[in-house]
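As structure tokens, the structure follows; a few thoughts come after it.
Computed from the coordinates by the stated procedures, all read-outs in this text should not be read as laboratory data. What you see is a predicted model; the values in this text were computed from it and never measured. Here Cβ is always computed from backbone atoms with ideal geometry, including for glycine, and neighbour counts include all displayed protein chains.
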Amino acid sequence: MKGIILAGGTGSRLAPLTKVTNKHLLPVYNEPMIYKVIHTLTNSGIKDISIVLGGESVGDFIRLLGDGSDFGAQFSYVYQQGAGGIAEALYLTRKIVQGCKVAVILGDNIFEDTFKEAVREFDESNTHDCHLFLKRVPDPERFGVAELDDDGNIINIEEKPANPKSDLCVTGLYFYNAEIFSIIEYVINKIGYSERGELEITDVNNYYIQNKNTRANIVDGFWSDAGTFKTLLRCTNFVNRSLNESK
């Protein structure tokens, strides 16, 4: 099973901090943001990682991260022109990871939990085609919101709904089987890009939900994106507390 970190985008919500650098290079307390995301994968047993980059900070990433050996991993890099969405960024890795199951994580998502058992189960079993990781939040309207049936199965995801049907948001961690790239091609051909000019990962996830065997995993520990000033501070404070409590 291979890992994919999506670390492109403009980071406009964090301007002017992102005027001269990529948001994933900003600090979350004691480390660059992307370090935290790498650790989520490596601590879960994933060592072969492709990182999708964009903008003008590619050289900074490579100087910082190198070939991955400092993390006990192996890195490859892919460049995304523009900001075409999560599914487009994922699709750019197809020549590197095609034929493999993948764990995809957004480069601004900070998790307390590690997912070693979930990775082992998904990698070794063909029971599910997709694992989506959900978290209960007080402001689900900011996210893709999962609707579950009485048995706990996901039946639909609605992107940033005005009236959310649950408080379970879809976090930026996704496990997909090797069919993922053909499914993205289906979305490209049948649904296309959204009004905001992006190939939406929600369309991909809803295809899995409607046509494949998708499992919902509830995240127990801390989770937040770090893409706004408020959430970047939230993540920084969490890491600060965690490190101080462990002393």
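Grab the beta carbon distance between Q98 and N244, set R0 = 45 Å, and tell me the FRET efficiency rounded to 0.05.
Calculated value: 0.55.
Please state the relative contact order of the chain as a whole percent: Cα pairs under 8 Å, 6+ residues apart?
Working: 467 pairs, mean separation 58.5, N = 247.
Relative contact order for the chain comes out at 24 percent.
Multiply the residue gap between D67 and K212 by 0.36 nm, knock off their C-alpha separation, and tell me the result in nm, one decimal place.
Length gained, D67 through K212: 48.7 nm.
Mark the label point 7 Å from the Cα of D167 along Cα→Cβ and return the residues of region 115-150 whose backbone N is within less than 16 Å of it.
The answer is 134-143, 145-148.
If the elastic network links every pair of Cα atoms under 10 Å, which of A103, A118, A178 fluctuates the most in the Gaussian network model of the chain?
Comparing A103, A118, A178 in a Gaussian network model of the chain, the most mobile one is A118.
Among Q80, Q98, Q210, determine the one that fluctuates most according to a GNM of the chain built with springs between C-alpha atoms less than 10 Å apart.
Q210
Between the DSSP loop rule and a limit of at most 10 other Cβ atoms within 10 Å, which GluC sites (Glu not before Pro) in region 163-247 are left?
Numbers: sites: E179, E185, E195, E198, E200, E245; in loops: E179, E195, E198, E200.
Here the sparse-neighbourhood loop sites are E195.
Compute the length gained on full extension between D150 and A15: take 0.36 nm times their separation in residues and subtract their Cα-Cα distance, giving the result in nm to one decimal. Write out the running numbers ahead of the final one.
Numbers: separation 135, 0.36 × 135 = 48.60 nm, distance 4.26 nm.
Here the segment from D150 to A15 would lengthen by 44.3 nm.
Using 1/(1 + (r/R0)^6) with R0 = 35 angstrom and r between the beta carbons of N30 and T127, what's the FRET efficiency to the nearest 0.05?
Values: r = 39 Å, r/R0 = 1.10.
Here the calculated transfer efficiency is 0.35.
Counting other beta carbons within 10 Å of each residue's own, what order do Y186, Y208 fall into, fewest first? Could the numbers behind the result be given before it?
Values: Y186 15, Y208 24.
The order, fewest Cβ neighbours first, is Y186, Y208.
GNM, the chain, Cα, under 10 Å: largest mean-square fluctuation among F122, F229, F133?
Residue with maximal mean-square fluctuation among F122, F229, F133: F229.
Taking a ≥ b ≥ c as the square roots of the Cα gyration tensor eigenvalues, with a/c under 1.5 meaning rounded and otherwise prolate when a/b beats b/c, else oblate, which class fits region 96-143?
Values: a/c = 2.03, a/b = 1.77, b/c = 1.15.
Note, shape of region 96-143 comes out prolate.
Pull out a ≥ b ≥ c, the square roots of the eigenvalues of the alpha-carbon gyration tensor of region 1-137, then state rounded if a/c is under 1.5, prolate if not and a/b is larger than b/c, and oblate in the remaining case. Present the calculation step by step, with values, prior to reporting the outcome.
Values: a/c = 1.56, a/b = 1.47, b/c = 1.07.
Judged from the Cα gyration tensor, region 1-137 comes out prolate (a/c at least 1.5, a/b above b/c).
Label 7 Å along Cα→Cβ of K230; region 1-42 residues with amide nitrogen under 18 Å?
The answer is 12-16, whose backbone nitrogens lie closer than 18 Å to the label point.
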